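Structure in structure tokens, see below.
The values are calculated or read from the model by the stated rules, or taken from the named source; none is laboratory data. Just so you know, these numbers come straight off a predicted model, no measurement behind them. Here the Cβ positions follow ideal geometry from the backbone for every residue, glycine too, while neighbour counts run over all protein chains shown.
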């Protein structure tokens, strides 16, 4: 029976139906919903890992135990998982091992636009690219079969539009009896010491030849002949754009893009007058076609940056296209939520005038005005190492702070702390502990005390962990208590060794308490603008004229105010204060 599913939902359903023993990953948009869906399905088993490297290693263990595993992550997560990926390409698998990587062309929620197809080529593993939700389902099941048939991990590449877009899906039947689990007992296959790895490298090269032959004959490689003046080679979601922009053109749709089915591509190229390659991001296909001697036109007419769309493709082909609607939409700059506990910390750091190395999370929005309190942001866990590096470069350690979230700290920040302790660098780190992986939708992690399926779990004791790593100066504060937060940060900056401040308060999107709203005493307000500079969306400004004088005054939106009272803490004139009485709001927006 047909169902309307997102690409992520279709992949989860396929993994369950294929008899996957475990889905494991780290949350990262646009891949997050796969495991969140899988764990809700009858028979679906899924868990979060502290980071993508651990997730893949757990998945490899499931595979070596003769069962199927799905490992999920976004494109930058594949950087973290690259180490085991390259070697498991050599060992191969027992049970099917599928690695789902979701790219983000256009950087809707990412710090770069890297193209994961490069990893497939470098690691020498097959790569499948579905073009809609039905193919997301079908290709996921096929990926497990190919993994076991060719003794290889398989990369399944999606993108933001495919992950979140919906289309009709007809699911297949669920797998029957699952294979029995069995520990690995073939050292020559699974133990990659040089003597064994050399032979496995030869196996990998032979495997790629076999995979290319399979791809040339497989129905995933589909030639659609129409007007043969234009022939387009494409794959994934770009295929949908091509069909919309050039419905009369001949198209070669590739389902497997590593290794490339060059024989099929040559045959298609011989049937068309002008050959184009349409692909998002890098010219991965184009360069291989050109290296094979095919005169393919690609990035000369299609952009290398950002998402494609039908209008862009039509323009590159010199075809007419419907003009996009000229909608005058209001600007929606990203901002920390009303009541976000990070806001208080950043307002303190801004006032202190320190250099702040940031990290990946909601708190990256601390860079936005009016807070403007973030100076660097590279990747998960980098804030601590960058802060230490600035100090080693000669920057005054009392003027440098690294900020990192609780989930990100457990993902890849622990080693940064180990480094600053081991090398005796007087780095100050602030862990913004809001009790969740907030940026990707409030997922659990080892510090929340719950697993993906909401079961209770041991909760990491951050102060104890930090002390065990050698940090002697550890303070925990409530960021809503601004004076105490300021004092703790100042003390940490003055401490002559490594120091950590844990700013601990739950994310405002997690129901946790009831607080009175804040109200403005217009008579006491001096219109100094201090409350506006904390960047709370619940506080806006408007002009008020009194006695012939016009002033810009703050105004609090009662529908947005969460009662955090950070604004009251920065007001020197007691013009802002929590409401008295029963007008209160919960901690959930």
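Taking the options 10, 55, 81, 21, name whichever one is touching a strand residue (DSSP E or B) at 6+ places or on another chain (Cβ under 9 Å), over 29 Å from residue 413 (Cβ atoms) and assigned to a helix (DSSP H, G or I). It would help to see each step written out before you state the result.
Details: 55 fails: over 29 Å from residue 413 (Cβ atoms); 81 fails: over 29 Å from residue 413 (Cβ atoms); 21 fails: assigned to a helix (DSSP H, G or I).
None of the other options fit; the residue is 10.
Could you check, for the range 101-114, whether at least one of its residues is in a helix (DSSP H, G or I) and crowded, with 23+ Cβ neighbours inside 10 Å?
Step one: of the range 101-114, the residues in a helix (DSSP H, G or I) are none.
No, that holds for no residue.
Looking for whichever is out of contact with any strand residue (DSSP E or B) (no Cβ under 6 Å at 6 or more places or on another chain), over 30 Å from residue 449 (Cα atoms) and surrounded by fewer than 18 Cβ atoms within 10 Å (Cβ to Cβ) here; the options are 478, 483, 547. Which one fits?
On the way: 478 fails: over 30 Å from residue 449 (Cα atoms); 483 fails: over 30 Å from residue 449 (Cα atoms).
Selected residue: 547, the only one of 478, 483, 547 that is out of contact with any strand residue (DSSP E or B) (no Cβ under 6 Å at 6 or more places or on another chain), over 30 Å from residue 449 (Cα atoms) and surrounded by fewer than 18 Cβ atoms within 10 Å (Cβ to Cβ).
With respect to residue 322, determine if the residue is surrounded by fewer than 18 Cβ atoms within 10 Å (Cβ to Cβ), under 31 Å from the mean Cα position of the chain (by Cα) and over 30 Å from residue 513 (Cα atoms). It would help to see each step written out before you state the result.
Details: surrounded by fewer than 18 Cβ atoms within 10 Å (Cβ to Cβ): yes; under 31 Å from the mean Cα position of the chain (by Cα): no; over 30 Å from residue 513 (Cα atoms): yes.
Against the criterion (surrounded by fewer than 18 Cβ atoms within 10 Å (Cβ to Cβ), under 31 Å from the mean Cα position of the chain (by Cα) and over 30 Å from residue 513 (Cα atoms)), residue 322 does not qualify.
Considering only the range 136-229, give the helices (runs of 4 or more DSSP H) lying wholly within it that have at least 1 residues that are farther than 30 Å from residue 108 by Cα. Break it down stepwise before answering.
On the way: elements: 160-164, 187-190, 194-217.
Those helices (runs of 4 or more DSSP H) span 187-190, 194-217.
Looking at the range 200-216, is at least one residue closer than 30 Å to residue 313 by Cβ, surrounded by 13 or more Cβ atoms within 10 Å (Cβ to Cβ) and in contact with a strand residue (DSSP E or B) (Cβ under 7 Å, 6 or more places away or on another chain)? Give the derivation first.
So the first thing to find is which residues in the range 200-216 are closer than 30 Å to residue 313 by Cβ, and the list is 211-212, 214-216.
Next, from what is left, pick out any that are surrounded by 13 or more Cβ atoms within 10 Å (Cβ to Cβ): 211-212, 214-216.
Remaining after also requiring in contact with a strand residue (DSSP E or B) (Cβ under 7 Å, 6 or more places away or on another chain): 215.
Checked the range 200-216: at least one residue is closer than 30 Å to residue 313 by Cβ, surrounded by 13 or more Cβ atoms within 10 Å (Cβ to Cβ) and in contact with a strand residue (DSSP E or B) (Cβ under 7 Å, 6 or more places away or on another chain).
Within the range 94-113, which residues are modelled with pLDDT of 95 or more and touching a strand residue (DSSP E or B) at 6+ places or on another chain (Cβ under 9 Å)? Steps first, please.
Applying the first criterion (modelled with pLDDT of 95 or more) to the range 94-113 yields 94-103.
95, 96, 97, 98, 99, 100, 101, 102, 103, listed by residue number.
Moving on. Within the range 28-58, how many residues are under 19 Å from the mean Cα position of the chain (by Cα), surrounded by fewer than 24 Cβ atoms within 10 Å (Cβ to Cβ) and over 24 Å from residue 459 (Cβ atoms)?
The number of residues fulfilling the criteria is 3.
Does the range 88-100 include one or more residues that are buried (at least 18 other Cβ atoms within 10 Å of the Cβ), touching a residue at least 60 places away in the same chain (Cβ under 8 Å) and within 28 Å of residue 302 (Cβ to Cβ)? Don't jump to the end; show me each part of the working.
We begin by selecting, within the range 88-100, every residue buried (at least 18 other Cβ atoms within 10 Å of the Cβ); these are 88-100.
Subset that is touching a residue at least 60 places away in the same chain (Cβ under 8 Å): 88-96, 98, 100.
Imposing the further condition that a residue be within 28 Å of residue 302 (Cβ to Cβ) reduces the set to 100.
For the range 88-100, residues buried (at least 18 other Cβ atoms within 10 Å of the Cβ), touching a residue at least 60 places away in the same chain (Cβ under 8 Å) and within 28 Å of residue 302 (Cβ to Cβ): present.
So how many residues does the range 438-461 have that are touching a helix residue (DSSP H, G or I) at 6+ places or on another chain (Cβ under 7 Å) and closer than 25 Å to residue 374 by Cβ? Give the derivation first.
Of all residues in the range 438-461, those touching a helix residue (DSSP H, G or I) at 6+ places or on another chain (Cβ under 7 Å) come to 438-439, 445-447, 452, 460.
With the extra rule that they be closer than 25 Å to residue 374 by Cβ, the set shrinks to 438-439, 445, 447.
Here the count works out to 4.
Also, I was wondering about something else. Return the residues of the range 412-434 that are part of a loop (DSSP other than H, G, I, E, B) and touching a strand residue (DSSP E or B) at 6+ places or on another chain (Cβ under 8 Å); say none if nothing qualifies.
The first filter runs over the range 412-434 and keeps only residues part of a loop (DSSP other than H, G, I, E, B), leaving 423-427, 434.
Correct list: 426, 427, 434.
Now a separate question. Identify, from the list 435, 416, the residue that is closer than 28 Å to residue 531 by Cβ and either surrounded by 24 or more Cβ atoms within 10 Å (Cβ to Cβ) or touching a helix residue (DSSP H, G or I) at 6+ places or on another chain (Cβ under 9 Å) (or both). Explain how you work it out, then say what you get.
Values: 416 fails: closer than 28 Å to residue 531 by Cβ.
The conditions single out 435.
Taking the range 309-347 on its own, how many of its residues are at pLDDT 95 or above and in a loop (DSSP other than H, G, I, E, B)?
Total meeting the criteria: 0.
Report, by residue number, each residue of the range 261-281 that is surrounded by fewer than 24 Cβ atoms within 10 Å (Cβ to Cβ) and closer than 20 Å to residue 208 by Cβ.
262, 263, 264, 266
So which residues in the range 465-483 are in contact (Cβ under 8 Å) with a residue 12 or more places away in the chain and either under 17 Å from residue 406 (Cα atoms) or under 30 Å from the mean Cα position of the chain (by Cα) (or both), if there are any at all?
Across the range 465-483, the qualifying residues are 465, 466, 469, 471, 474, 475, 476, 477, 478, 479, 480.
Test of understanding: among 61, 25, which residue is surrounded by 21 or more Cβ atoms within 10 Å (Cβ to Cβ) and either outside the structural domain of residue 450 (by TED's automatic domain parsing) or at positive phi (or both)? Please lay out each step first, then the result.
On the way: 61 fails: surrounded by 21 or more Cβ atoms within 10 Å (Cβ to Cβ).
Within the list 61, 25, the selection yields 25.
Can you tell me which residue in the range 502-520 is surrounded by the fewest Cβ atoms within 10 Å (Cβ to Cβ), limited to those that are modelled with pLDDT of 90 or more and part of a loop (DSSP other than H, G, I, E, B)?
Within the range 502-520, the match that is surrounded by the fewest Cβ atoms within 10 Å (Cβ to Cβ) is 506.
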